[in-house]
Amino acid sequence: MHRILVVDDECLIANTLGLIFRKQGFEVRVSYSADDALQCARSFSPHLLLCDIGMPGRSGLELVDDFDRELPECQVILLTGDYANLVHAREQSAWLRRPARVLTKPCNPCDLLREAGLLLAAA
């Protein structure tokens with residue numbers, strides 16, 4: 001069973017995303033900050049990180065840098081609801097050590113599940 005860590009500072013979004021993946025048979029943990037997510041990931045060892053980019057404190061991009069060092073095999077999907085900075089977010093994600101797909105919020109659950117499936121199948 002694939003393990004997915006969902007990270008978003010908006011609890012409703014994080015919990016909803018977690019529910020979507022649980023209903024598809026994934027093992028899911030949900031965190032509401034980058035720091036909590038990193039601590040959770042150390043024991044949970046997710047196969048996929050599904051993470052909001054813009055969060056208070058440390059951003060999702062900073063969290064991905066931590067994952068590069070500590071969990072290099074984990075795949076990444078980044079989410080953003082900041083349409084004004086979407087191009088900038090995609091440019092920043094291109095500089096990461098690992099490929100990271102950037103999707104916009106809200107996103108269609110079918111599209112999200114398809115992207116996750118493709119990443120996990122390729123890993």
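The values are calculated or read from the model by the stated rules, or taken from the named source; none is laboratory data. Just so you know, these numbers come straight off a predicted model, no measurement behind them. Cβ placement follows ideal geometry from the backbone for every residue including glycine, while neighbour counts extend to all protein chains displayed. To get the accessible areas, we keep the full protein, side chains included, count just its heavy atoms, and leave off ligands, DNA and RNA. Shrake-Rupley method; radii C 1.70, N 1.55, O 1.52, S 1.80 Å.
May I ask you to list pairs of residues, at least six apart or on different chains, whose Cβ atoms are under 8 Å apart, with the first in the range 4-24 being over 17 Å from Leu48 (Cβ atoms) and the second being open to solvent by 50 Å² or more (accessible area, probe 1.4 Å) and of a type outside the set (Asp, Glu)?
Qualifying pairs under 8 Å: Asp9/Tyr32; Asp9/Pro56; Cys11/Tyr32.
Restricting attention to the range 31-58, which residues are at pLDDT below 95, open to solvent by 50 Å² or more (accessible area, probe 1.4 Å) and either of a type in the set (A, V, I, L, M) or in contact with a Leu (Cβ under 8 Å, 6 or more places away or on another chain) (or both)?
none
Any idea which of Val6, Val28 is assigned to a strand (DSSP E or B), within 21 Å of Leu113 (Cα to Cα) and open to solvent by 10 Å² or more (accessible area, probe 1.4 Å)?
Within the list Val6, Val28, the selection yields Val28.
For the range 62-73, give me each residue that is over 10 Å from the mean Cα position of the chain (by Cα) and under 23 Å from Asp111 (Cα atoms).
Glu73 - this is the single residue of the range 62-73 that is over 10 Å from the mean Cα position of the chain (by Cα) and under 23 Å from Asp111 (Cα atoms).
Quick test of your reading of the structure: Leu61 fulfils all but one of (1) within 26 Å of Asn85 (Cα to Cα); (2) open to solvent by 50 Å² or more (accessible area, probe 1.4 Å). Name the failing condition by number.
Tallying (1) within 26 Å of Asn85 (Cα to Cα); (2) open to solvent by 50 Å² or more (accessible area, probe 1.4 Å), Leu61 fails exactly one: (2).
How many residues, within the range 68-93, are over 16 Å from Met55 (Cα atoms), open to solvent by less than 80 Å² (accessible area, probe 1.4 Å) and modelled with pLDDT under 80?
Residues flagged as over 16 Å from Met55 (Cα atoms), open to solvent by less than 80 Å² (accessible area, probe 1.4 Å) and modelled with pLDDT under 80 within the range 68-93 amount to 0.
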